[in-house]
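Visitor: What follows is a single structure, and I will ask about it in a moment.
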Amino acid sequence: MIKTCIFPAAGYGTRFLPATKTLPKEMLPILDKPLIHYAMEEAIEAGLTNIGIITGRTKRALEDYFDISYEIEDAIKGSEKEKLLSDVRRQMEVCNFTFTRQRKMNGLGDAINHARYMVNNEAFGVILADDLCVNDECGVMSQMVKAYEKYRCSVVALMEVPNKDTKKYGIIEGVKLEKNIYKITDMVEKPDPKDAKTNLAIIGRYILTPDIFDILDNTPAGKGGEIQITDALNTQAKEGRCIGLVFSGLRFDCGSVEGFFEATKYFYERDFK
């Protein structure tokens, strides 16, 4: 049973400058809740309540969000506004939180490697909060947990993207095992459209087996001079130990202004109209 979910949250969020100069991109609000809140809801729904957050400088707001704010709580105590904190209070009660810093921005693979001591040599989930995923019946991480329980290997979430956008994603090749599951045979980080073998892109959801840490230790810098989780996963894929799940639901790239706007519009029409 998977219990732990890791949230890499040390990145600069440069696509949202100047807002992210001091505000973590994971704290950007979709209406009245920050992105990290939606991601935490998805993890909890999947039964992952041992939470590890990889932060960096200027990211204290993430720790503060999952802590008591005595001044605010005292000011609204007994008023109608008190119920506005009920959701985050529940997250604080249900989850155990551990925070650590990635002192140097050296890629997603390096950030995940910082979680080694948090996972107790067990498989664990990874959620990138700026990839906001929605499925009201069964969240994406819940879908992935079911796939892991069947195949007992690393799982990555996949979606089809336009061919022109392959240069923005890790792209996989594979053999279809089921309607929405592929045994991955190869993956390439951000290939040029003319070089991409498929349009199946990896998005910010993973379940990783603990041997990924030793693989990351021996993975050289890849695209952009950083340690890429795609390269480490490819090592597992070459050994037949990684599958891809084409998930059911919606995904918004909230690291981009366009995706952030679309997510805001979607949740406004869903929850406030």
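Residues checked against (1) surrounded by fewer than 20 Cβ atoms within 10 Å (Cβ to Cβ); (2) under 19 Å from THR49 (Cα atoms); (3) of a type in the set (Lys, Arg):
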| position | (1), (2), (3) |
| --- | --- |
| THR100 | yes, yes, no |
| GLY109 | no, no, no |
| ARG116 | yes, yes, yes |
| GLY139 | no, yes, no |
| ALA157 | no, no, no |
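Every residue, every condition in (1) in contact with a Ser or Thr (Cβ under 7 Å, 6 or more places away or on another chain); (2) closer than 20 Å to ALA129 by Cα; (3) not aromatic (Phe, Trp, Tyr), yes or no:
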residue	(1), (2), (3)
ASN163	no, no, yes
THR166	no, no, yes
ILE172	yes, no, yes
LEU177	no, no, yes
TYR182	no, no, no
VAL188	no, no, yes
PRO193	yes, no, yes
ILE207	yes, yes, yes
PHE213	no, no, no
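Visitor: Can you tell me which residues in segment 65-116 are at pLDDT 90 or above and aromatic (Phe, Trp, Tyr)?
Guide: TYR65, PHE66, PHE97, PHE99, listed by residue number.
Visitor: Can you tell me which residue in segment 1-53 is modelled with the highest pLDDT, limited to those that are of a type in the set (Ser, Thr, Tyr) and under 17 Å from ASP64 (Cα atoms)?
Guide: Of everything passing the filter in segment 1-53, TYR38 is modelled with the highest pLDDT.
Visitor: Would you mind stating whether GLN143 is in contact with a strand residue (DSSP E or B) (Cβ under 9 Å, 6 or more places away or on another chain) and modelled with pLDDT under 90?
Guide: Criteria not met by GLN143.
Visitor: Limited to segment 213-233, what total is found for residues that are assigned to a loop (DSSP other than H, G, I, E, B), polar (S, T, N, Q) and touching a residue at least 60 places away in the same chain (Cβ under 8 Å)?
Guide: The number of residues fulfilling the criteria is 2.
Visitor: Identify the residue in segment 149-186 that is in a loop (DSSP other than H, G, I, E, B) and under 21 Å from ARG251 (Cα atoms) and, among all such residues, is nearest to the chain's Cα centre (by Cα).
Guide: TYR169
Visitor: List every residue pair whose Cβ atoms sit under 7 Å apart, with the two residues 6 or more apart in sequence or on different chains, where the first one lies in segment 56-82 and is surrounded by 11 or more Cβ atoms within 10 Å (Cβ to Cβ) and in a loop (DSSP other than H, G, I, E, B) and the second, anywhere, is modelled with pLDDT of 85 or more and of a type in the set (A, V, I, L, M, F, W, C).
Guide: GLY56/ALA10; LYS59/ALA9; LYS59/ALA10; PHE66/MET92; PHE66/PHE97
Visitor: While we're here: Count, please, the residues in segment 147-165 that happen to be closer than 12 Å to LEU208 by Cβ and without any contact (Cβ under 8 Å) to a residue 60 or more places away in the chain.
Guide: Total satisfying the criteria: 0.
Per-residue answers, yes or no, for (1) polar (S, T, N, Q); (2) farther than 18 Å from THR235 by Cβ:
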position	(1), (2)
THR98	yes, yes
ASP110	no, no
ASN113	yes, no
TYR117	no, yes
PHE124	no, no
ASP131	no, yes
CYS153	no, no
ASN163	yes, yes
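The values are calculated or read from the model by the stated rules, or taken from the named source; none is laboratory data. Since the structure is predicted, the reported quantities are computational estimates derived from the model, not experimental observations. Cβ sites come from the backbone with ideal geometry, for glycine too, and all protein chains shown count toward neighbours.
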